[in-house]
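The values are calculated or read from the model by the stated rules, or taken from the named source; none is laboratory data. If you're wondering where the values come from, they're calculated on a predicted model, not measured in any experiment. Ideal geometry is used to build each Cβ from the backbone, glycine not excepted, and the neighbour counts take in all protein chains shown. These area figures cover heavy atoms from the full protein model, side chains too; ligands, DNA and RNA do not enter into them. Shrake-Rupley method; radii C 1.70, N 1.55, O 1.52, S 1.80 Å.
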Amino acid sequence: MSIMEDINEVFRDVFDDTNLEVTEQMTAQDISEWDSMAQINLIVAFEEKYDIKFTTEEISVLTCVGDMAKLLEAKRIQ
Amino acid sequence: MDKSNLIKTFSDCLASGSVADAMSYIRNLSVIYLLPSDMQKISRLIDRYRDVLSSFSSNKSLKIAVLGGFTTSVIVNAIKTHLLAEGWVVESYESEYDLYKIEVLDASSGLYAFQPEVVLFATGTVNIEEFPLAGSTAGQVTAMAETLVEQFRDLWEIVKEKTGATIIQHNFEYPVEQLLSRLEFKYSWSHSKYVETLNNILWQMDSREMYLLDIFGSSVRCGLTRWLDSRWWYFGKFGINPELSWEYGRMFAGLHCAIAGKSKKCLVVDLDNTLWGGIVGDDGIEGIQIGNISATGEAYSGFCRYIKELRKRGIILAVCSKNDSEQAKEVFLKHSEMPLKLDDFACFCCNWQSKSENIASIAEHLNIGMDSLVFVDDNPVECAEVSRTLPEVAVIEMDGDPAYFIEKLEKLHLFNQLEITREDLGRTDSYLQRGKVESLRKSALNLEGFLESLCMAGRVDVATENDLPRICQMFNKTNQFNLTGRKYDTSNLSEYILNTSKFCLCSKLCDKFADYGLVSAITGEISEDILRIDNWIMSCRVFSRTFEQFIFNHLVNYASEMNCSTICGEFIRTVRNNYVADLFKKLGFRMIDSNDSERWYLAVESFESLKTYVKVFQGAVKK
């Protein structure tokens, strides 16, 4: 599965919306429920899925799907 | 069904009004690990379908107010999820982060408007504003701790008076930073010791003034730096790692069940691949994995010993297995390394009926509710059958590595008690135990007295075919007490048993605490009047107990029975066998050659028995 497909699956799960289609341009502004609670849900879900860890900085600034995809790609390779 | 499907099905059942099915799915969900997002989803479903869930006959609604010293949204979702599995439909109220004192003191606060039945003080070490000054006396530290607890107690009293609610209070976890490093636990004024003092005072009030939720214990089990992952504190003031909210929820549900008198009373176990590895019907009593035959076998024995301990704590045990009853009973009657005995079980159901029928008859026989039973089985099909037919039974699938079975069971907090009474402990057992420990203390002042007090009994036998797997395994994994480093596979080793000019002796040891089983073996050969030791190994668990002297006395006897006048030994140094470098010297041998390997000999005639604290045990080695 590509990173974007993985991200889409996690987003659908976290936001409980089976029709959600994320794009790289999407940000927290586009999804009304993307609050700090959702951020935790996303981060923990990705960490669990890929066995990776985000830094405090990354958790706080990561609010764009495209950035998330890039970072996940980089961390997965590490 | 995987987790996502279970949640989906749970949701569908609620949507279609099949509450009974939904309840059975939530029970299955609550015993598997859930992410914060899973529990958020479930929690929202509870809010959406509150009416239909509350109207279900065996469910009750419950209002819980959470007063947090940190952000509590994640743990609230966990509480709602796990309490639903136990039959409580929770409506929750959360105070703003760290405003809990104000909420309690302000009579017009949302807390009182909510009219809670349970009030949870979700606080932690992050909320301790002041720690003892460096160098404070123990008395000062205690006084300071008492003052802080007193402040909490005032809050509980106000809440109780105004609402009549049950109070649940977190105790404190160790601080993540340990400023004194090595000395953190030396001085009573250190932050960590202060936390211990606070907790001790809180425990004395437990069950009387409030119920303590053991955050301390849980943080120790999960690992402190994992429990409080500092990232989450800085990101959103989470005092508990959101990743661990599942663990938290289980612990909370366990406490709440105990308060409501709904803790589990009886553990029903499957046998094959649950209490031992393998299938007794196919592999036979000798072929099953239990005891020191293998590492896996040891893991299964560990699980069985744990279950036996549960029985001593007052949990009723029962067997429910698809097996031939007589054959299954044999394991408990005859296998020397099966710690559980037939009379540990209140019911022994071994037949070919469905497991749900058997479990129903167990509940009836014991006259306890179906909801006080826990069933463990490795087989997912059996688990599904039981949980579908008897949804109130807590069904745990014991799959995977048996080394983690205990952990898996403990994480679920099923067998909580509010108090342990003297009666629970079973008087005679505990008195016997205490007697043992005291006599050990008295005599432990010197080594001889200590060894004497262990009441060791051992035996040395000519190995038989049955001992081969264990001996073979020992030769492969014993590195310290290993004279030559020679290893054997089963076919080489059986040479030593079958060939009359060779021999293999194996030794077993037990003491008053444990039966160590087969822990040493010697291989060698006899030509004319010389007995030559090929290799000798011993498990490190029984080092330094004069057991090698005991074994060697027997070897000399064996040599003279075989009409040998001389015993020859060889020592080949390996990376890890320094422990036995001077063994032959200690046993009275003389060195004759030390080129490639050291060669030693001993004249049987002039040998005098060596001092040993191990007594000869006749019959089977047993505790």
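A compact table of results
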{"quantity": "Integer Hz, Karplus 6.51/-1.76/1.60 couplings in order for the stretch B:377-382, x for Gly and Pro", "calculated": "7, 7, 8, x, 5, 5"}
{"quantity": "Heavy-atom accessible surface that B and A bury in contact, both chains counted, 1.4 Å, Å² to 100", "calculated": "1700"}
{"quantity": "Cα-based equivalent ellipsoid, the stretch B:456-616: semi-axes from gyration tensor eigenvalues, Å", "calculated": "21, 18, 17"}
{"quantity": "Average beta carbon contacts from partner chains per residue of A:35-43, 10 Å cutoff", "calculated": "6"}
{"quantity": "Ranked by how many other beta carbons lie within 10 Å on average, peptides B:81-94, B:365-378 from highest", "calculated": "B:81-94, B:365-378"}
{"quantity": "Sulfur and carbon atoms: percent of accessible area, chain B [1.4 Å]", "calculated": "50"}
{"quantity": "Long-range HN-HN contacts of B:S61 with modeled amide H, under 5 Å", "calculated": "B:V89"}
{"quantity": "Counting DSSP beta bridges with both ends in chain B, the antiparallel % (nearest 5)", "calculated": "45"}
{"quantity": "Shape category assigned to chain B from the gyration tensor of Cα positions, a/c cut at 1.5", "calculated": "prolate"}
{"quantity": "Cα gyration tensor, the protein assembly as shown - rounded (a/c under 1.5), prolate or oblate", "calculated": "prolate"}
{"quantity": "For the stretch B:504-588: rounded, prolate or oblate by the Cα gyration tensor [a/c cutoff 1.5]", "calculated": "oblate"}
{"quantity": "Hits among aspartates and glutamates - C-alpha to C-alpha of B:K487 under 15 Å, sequence gap 8 or more where chains match", "calculated": "B:E495, B:D534, B:E570"}
{"quantity": "J(HN,Hα) series, the stretch B:113-119, from Karplus relation 6.51 cos²θ - 1.76 cosθ + 1.60, nearest Hz, glycine and proline x", "calculated": "4, 6, 6, x, 9, 10, 10"}
{"quantity": "Heavy-atom accessible area per residue - the stretch B:266-424, 1.4 Å, Å²", "calculated": "44"}
{"quantity": "Neighbour-limited loop hits for chymotrypsin sites (Phe, Trp or Tyr not before Pro), the stretch B:129-234 (at most 13 other Cβ within 10 Å; DSSP other than H, G, I, E, B)", "calculated": "B:F185"}
{"quantity": "Linear extension gain, B:L133 paired with B:V220, 0.36 nm per residue minus alpha-carbon span", "calculated": "28.8 nm"}
{"quantity": "Given B:K3/B:K408; B:K334/B:K508; B:K264/B:K308; B:K8/B:K80; B:K41/B:K237, the pairs whose alpha carbons are separated by over 19 Å", "calculated": "B:K41/B:K237"}
